[in-house]
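Beneath this line is the structure, given in structure tokens, with notes to follow.
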Amino acid sequence: MELFYNVLETLMLTARDVIPIAIILFAFQLGVLKRPVANWQRVAAGFAYVIVGLSFFLVGLELALFPLGEAMAEQLTSASFIHADDPTATVNTWQDYYWVYIFAAAIGFSTTIAEPSLIAVAIKANQVSGGNIGIQGLRISVAIGVAFGISLGCFRIVVGDPIHYYIMAGYMIVVVQTFYAPKMIVPLAYDSGGVTTSTVTVPLVAALGLGLATNVEGRNPLIDGFGLIAFASLFPMITVMGYAQLVAFKSNRKKERDNAL
């Protein structure tokens, strides 16, 4: 019964958030463009599906993803797991948390591959570029960036370094790459960082960061627990431009070989 009321409350809150979007869209369509809504039955049904789907998704986050991420962080950082052969030993060095880094990379890669917003962007990029930008190539390059970024962010939490040093260094790399990457990929690379902070990735990443900062001695969850999402947004820009540079390099090498023949 409690679950039913939770779903009902979430459904009402989601409808409250989505309905203003529908009002704005219909107002511009009818009031500014002065054109009727084509297939309004399908549009209305689509909004209903969005409200119901988001409601169930949010309930699932609360019941499963958030608790699971926190539980995994707690278990991976416990001394009894890290030193299974000697449960009384203490965790002293950043190397002791290598399973945390592996888990962070794995969860970052898998959640990004499943990210609906990234799939949509990859499909549109493929269509607009006439097939020059591969759907799977873009998705995998973004996922690798997120995996590396979250793993590095977990390392930062463990060692306690200030976050701004990492972010400044990362954006310096982005700025340099911008001058050398193919021009058509630069805006897409910048957008690829934004699509990673969406419905699937954020809940697990936030839960992992907070759980890690809570269980690592000397860390403040408010100061150290957040920031992983910034890493998840930054490093896909680097990997997408790097992927484009690699493809361009291989293409130039192939042209040089063909001309030589």
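The values are calculated or read from the model by the stated rules, or taken from the named source; none is laboratory data. Just so we're clear, the structure is a prediction, and the values are computed from it rather than from any experiment. So basically every Cβ, Gly included, is an ideal-geometry build from the backbone, and we count neighbours across all protein chains shown. Side chains are part of the model used for accessible areas, which takes the heavy atoms of the whole protein and leaves out ligands, DNA and RNA. Shrake-Rupley method; radii C 1.70, N 1.55, O 1.52, S 1.80 Å.
Only a single item in (1) over 17 Å from VAL121 (Cβ atoms); (2) surrounded by fewer than 21 Cβ atoms within 10 Å (Cβ to Cβ) is not met by MET184, and it is number (1). Only residues in segment 196-207 that are more than 17 Å from GLU70 (Cα to Cα) and modelled with pLDDT under 75 count as the first member; pair them with residues that are open to solvent by 20 Å² or more (accessible area, probe 1.4 Å) and in a helix (DSSP H, G or I), Cβ under 8 angstrom, at least 6 apart or cross-chain, and list the lot. Listed by first residue and then by second, the contacts come to THR196/SER233; THR197/ILE229; THR197/SER233; SER198/PRO116; SER198/SER117; THR199/PHE57; THR199/PRO116; THR199/SER117.
Applying the selection to segment 134-175, what residues are within 16 Å of ILE113 (Cβ to Cβ) and loosely packed, with under 12 Cβ neighbours inside 10 Å? Once the filter is applied, which keeps residues that are within 16 Å of ILE113 (Cβ to Cβ) and loosely packed, with under 12 Cβ neighbours inside 10 Å, segment 134-175 yields only GLN136. Residue-level check: of (1) modelled with pLDDT under 85; (2) surrounded by fewer than 20 Cβ atoms within 10 Å (Cβ to Cβ); (3) of a type in the set (S, T, N, Q); (4) closer than 21 Å to TYR243 by Cβ, THR178 misses just (1). Just wondering, is there one or more residues in segment 179-197 that are assigned to a helix (DSSP H, G or I) and touching a Pro at 6+ places or on another chain (Cβ under 7 Å)? Checking segment 179-197: at least one residue is assigned to a helix (DSSP H, G or I) and touching a Pro at 6+ places or on another chain (Cβ under 7 Å). Scoring VAL186 on the criteria (1) free of Cβ contacts under 8 Å to residues at least 60 places away in the same chain; (2) farther than 15 Å from TYR243 by Cβ; (3) among the aliphatic types (A, V, I, L, M) leaves a single failure, condition (2).
The numbered conditions (1) open to solvent by 20 Å² or more (accessible area, probe 1.4 Å); (2) within 30 Å of THR93 (Cβ to Cβ); (3) modelled with pLDDT of 80 or more are all true for GLU256 except (2). Between SER192, SER233, the distinction of being out of contact with any Asp or Glu (no Cβ under 7 Å at 6 or more places or on another chain), in contact (Cβ under 8 Å) with a residue 40 or more places away in the chain and open to solvent by less than 20 Å² (accessible area, probe 1.4 Å) belongs to SER192 only. When only residues in segment 14-58 that are loosely packed, with under 15 Cβ neighbours inside 10 Å and in contact (Cβ under 8 Å) with a residue 12 or more places away in the chain count, which is nearest to LEU204 (Cα to Cα)? Per the stated criteria, the residue is PHE56. Does ILE123 satisfy being hydrophobic (A, V, I, L, M, F, W, C) and surrounded by 15 or more Cβ atoms within 10 Å (Cβ to Cβ)? Here the answer is no, as ILE123 does not meet what is asked. Taking the numbered list (1) exposed (fewer than 14 other Cβ atoms within 10 Å of the Cβ); (2) closer than 30 Å to ASN215 by Cβ; (3) aliphatic (A, V, I, L, M) in turn, ILE82 passes all entries but (1). Quick check: is even one residue across segment 95-105 assigned to a helix (DSSP H, G or I), among the charged types (D, E, K, R), within 26 Å of ILE167 (Cβ to Cβ) and open to solvent by less than 50 Å² (accessible area, probe 1.4 Å)? Yes: segment 95-105 contains one or more residues that are assigned to a helix (DSSP H, G or I), among the charged types (D, E, K, R), within 26 Å of ILE167 (Cβ to Cβ) and open to solvent by less than 50 Å² (accessible area, probe 1.4 Å).
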